[in-house]
Amino acid sequence: MKGRHSAHWSLIWQAVLIVLPVAVLSAIGFSYLRFDRAAVEQEARERAQVLMPQAAAEIGRRVGKGLRPQSVLHAIIAGGRIQSPPDYSRLPVPPDWPEKLPPGPAQLWGEAQDALYRRGDRPLATKLFRSLADSNAPSAARINAEYNLLLLGSGGTAAALARKAGDILTESGAPVGDLALLFALRRGDAAAVKEVPSRVREHPSFLTPELLDAAPGLNDLKAEWATQEETRALLRQLAPLHMDCSARAAVEMGNPPFLAWGSPQRDGCHVSLVPPPVVAAVFDALAAVFRVASRCDAVEVSGNRWSIRRGQENARILLATATASLAFEAPYPFTVRVFAAPETLYAGYRRRFWFTTALILAAASAALIGLVGLWRGFRRQMRLSEMKSNFVSSVSHELRAPIAAVRLMAEGLEQGRIAGEAKQRDYFHLIVQECRRLSSLVENVLDFSRIDQGRKQYSFEPVDAAALVRHTVALMQPCAAERQVALELADPPAEIAGLEPRWDHQAVEQSLVNLIDNAIKHSPPGAAVTVRMEAGPPSWIRVWVEDHGPGIPPEAQARIFDLFYRHGSELRRETRGAGIGLSIVKHAAEAHGGRVLVKSAVGEGSRFALELPINGARG
């Protein structure tokens, strides 16, 4: 008990010596990282405060120089909607004119649609569409009737229809004028080409790109459309912002970013869009000073903020502020504020943080692995110590009983107390049997010692398998008789007769002795132990040893081959043995390239098999 107590204290001190340095180094590392973060921010602030005045003056000079009238796009926003250049829906939106038709035109429209698309009666459809076009129906219905007559080859020109159609839509939401021009252009109508420019400028739609692709020789118009599309895309972002045009304002939008300058006019808010090259001058100016353009986050012009966003604004860190003036139609004072994005400012710190954290985690993992290894080693050592103690006790008991018996019988013979030749022969027989038991036990212990030290060697040579099994069974007959157990050998199969596998004769015999001895020890008096042989593909011989003992539960079958293991407290008290026999059997079988099989159930006995290859060791 004192030894176990001392061992536990030794384990605790070793664990402390492993954990303490890791804990101290981790605390120092995280403290360093906390101070490092504060130092990074302070250094950035001091550097920005020195460089910002020069940067602000450079921004004002470059931006003012770049804002030339010809480089600025102009537009009008009124009531939160884009007025110029005219905007359009980017997806078809079905109109409501079909639902609002009076009964008469509605009936004509329905019958014409039914005649054309359901019954395929083109003459009737033409007549009905003509009646609707000449009626006093709403203009949307009449224009759509004329478009259908154009498709049926009974209408006027596409150019004339496009001029009249304006923004009128078909039932599906497509502009009638664009569809009419597309129909004519695909038929090579030159008059339709002349109508395209006015249609594109006055009534743009989602079909305009197709219209431009279908019309030849309109490269200038295509370039103009591309510019208008870019302007519209920017204005669509700007219109919902409801810019306050009572004072000049500046906002940033798009990628790359545009500047939008708003000024109030009678017809709405006139917006000037400054293109990306000019905005890029701001970044260039900062890059010339800071060498890191992304640190410029916001410029304030006359109290209105122009943001060059690189992430969420409320997550930015203000480093420095400076003032300058911007010349755009008139001098405008502005304030430059430099913000550092956390992902930029702390990029180097984060690398150091994760590197240090990784080192700490690696050290903690190593310490944890060391603790686990220490605990497992301690448990293994304690278990091994206990098993060796039990082994010594078991071997001592196994040796003491036969030695005492041999001594008593030898003393009786020596002192002449045993009278009669028959009784003396019995004593001699018992002495020989006890000596055989001692020899088997000593051989097992020696084999265990050789295996434990890695010195066990096997000598493979041709062996008569059947004769070896018969000899071993005959060798164990006296032991079985002593235990009042019938040891039987079944006749080997014909295919085994004459086989001479390359085995280690002594190792195989010792393994069979151990299996038969275990079967005898676990069999009740009057029971039988049967040894049988069988052969099978690819080329192996299997020797079964079957008993009718108490059996082995499934959970213990995997452990019975462990060193010193003996199942159940009853076995430890009442069954002879040191717990190494089956371990030696398993080692010998694996050395031959074979294996040991066990089939057992509680109350039904056990069957052990030594399966060995005919051609000797494999692998």
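Every number in this text was worked out from the coordinates using simple rules, so none of it is lab data. Note that the structure is a prediction, hence the values are computed from the model and not measured. Using ideal geometry, Cβ is built from the backbone for each residue, glycine included, and neighbour counts are taken over all protein chains shown.
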Given backbone amide H placed at 1.01 Å from N, residues whose amide H is under 5 Å from that of A527, ignoring those fewer than 5 places away on the same chain, are A486
Taking alpha-carbon centroids only, segment 415-434 lies from segment 504-564 a number of Å equal to 32
Here FRET efficiency (C-beta to C-beta, L91 to L152, R₀ 22 Å, nearest 0.05) is 0.20
Over all directions, segment 97-218 yields a Cα convex hull whose mean projected area in nm² is 7.2
Ordered by fewest other Cβ atoms within 10 Å, a rough proxy for footprinting exposure, V16, V22, V543 read V16, V22, V543
Here D for segment 459-613, in µm²/s, from Stokes-Einstein with a Kirkwood Rh over Cα pairs at 10 °C and 1.306 mPa s, works out to 101
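How would you rank H505, H270, H587, going from fewest to most other Cβ atoms within 10 Å of each one's own Cβ?
Working: H505 15, H270 18, H587 21.
By the 10 Å Cβ count, ascending, the order reads H505, H270, H587.
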